[in-house]
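Throughout, read-outs are computed from the coordinates displayed, never taken from laboratory work. Fair warning: this is a prediction, and the values are worked out from it, not measured in the lab. As a convention, Cβ positions derive from the backbone with ideal geometry for all residues, glycine included, and neighbour counts pool all protein chains shown.
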Ligand SMILES: NC(=O)C1=CN([C@@H]2O[C@H](COP(=O)(O)OP(=O)(O)OC[C@H]3O[C@@H](n4cnc5c(N)ncnc54)[C@H](O)[C@@H]3O)[C@@H](O)[C@H]2O)C=CC1
Ligand SMILES: CC(=O)C(C)=O
């Protein structure tokens, strides 16, 4: 198993891509701390991790709160005996025209998608450095971090920002043997996309499902992405075969955006 005996912390692990990453890392041999701002599904995800024979802890925390993220890392080390892999997966979407975007909307999404990744990088790297661990940091960007999408403009900006943080952190921590990479999924059939599609319907009058189908229609491989497609790539980035890779933001989108 590629990451046997390691400890990972996955944010936004209560559902969707984060849940799939937690389970994949557990299947590949890691003990996992599952973190989410919504506590309701965390026990179920932790139970799934334990059913795979690995240890799990649940952490209810807001990634936009620096102190809570640092506490989450400390708790993981205390309860699971270390931390080797930090997956900054939590994120939220914002759908709407730039012309109508408010300060509150920008502050809210920036706090989760960008500040949340920054605090995760900072807390994990401090913990790796303090313990002499050549750890892995893996961040959630998106196709929207490679291409600006209409009606998803501020969301796109946050995902471009994640790529900037990923590159800068890779350089800052390289001498300590810490790698920092990002994954850039395409159209993954999670609750986030249900919400995006509904919001497009509300704003444009498009029938429900039409926006999702339009995006999926552009995928060369001919199907929507699954959370497990993303999780496999994250496990690769966390594992030994990615040891010589840092600062990269790799597209895993079935052939939707070409960069
Ligand atoms: N679904 C998609 O098509 C794509 C998703 N992504 C990115 O992948 C990541 C995961 O996406 P999905 O699983 O689809 O989203 P999702 O909305 O299904 O799940 C996100 C999880 O993050 C949690 N979360 C939200 N705000 C949080 C906060 N402040 N602190 C801690 N947890 C918080 C939510 O409670 C939820 O459990 C996000 O960063 C998203 O932007 C990137 C490209 C495509
Ligand atoms: C949800 C997302 O990341 C998109 C539309 O690329």
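Quick notes on this structure:
Residue-wise test of (1) closer than 20 Å to residue 178 by Cα; (2) within 13 Å of ligand 1 (Cβ to nearest atom).
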position	(1), (2)
11	yes, yes
30	yes, no
36	no, yes
48	no, no
87	yes, yes
92	no, yes
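- Helices (runs of 4 or more DSSP H) contained in segment 55-148 and holding at least 3 residues more than 16 Å from ligand 2 (Cβ to nearest atom) and touching a strand residue (DSSP E or B) at 6+ places or on another chain (Cβ under 6 Å): 66-80, 116-131
- Segment 230-244: number of residues that are within 19 Å of residue 145 (Cα to Cα) and in contact with a strand residue (DSSP E or B) (Cβ under 9 Å, 6 or more places away or on another chain): 4
- Boolean, residue 103 is out of contact with any helix residue (DSSP H, G or I) (no Cβ under 6 Å at 6 or more places or on another chain), under 15 Å from residue 32 (Cβ atoms) and surrounded by fewer than 22 Cβ atoms within 10 Å (Cβ to Cβ): no
- Scanning segment 147-166 for residues that are within 21 Å of residue 135 (Cβ to Cβ) and surrounded by 17 or more Cβ atoms within 10 Å (Cβ to Cβ) yields 162, 163, 165, 166.
- Residues (more than 13 Å from ligand 1 (Cβ to nearest atom) and out of contact with any helix residue (DSSP H, G or I) (no Cβ under 6 Å at 6 or more places or on another chain)) located in segment 178-208: 179, 201, 202, 203, 204, 205, 207
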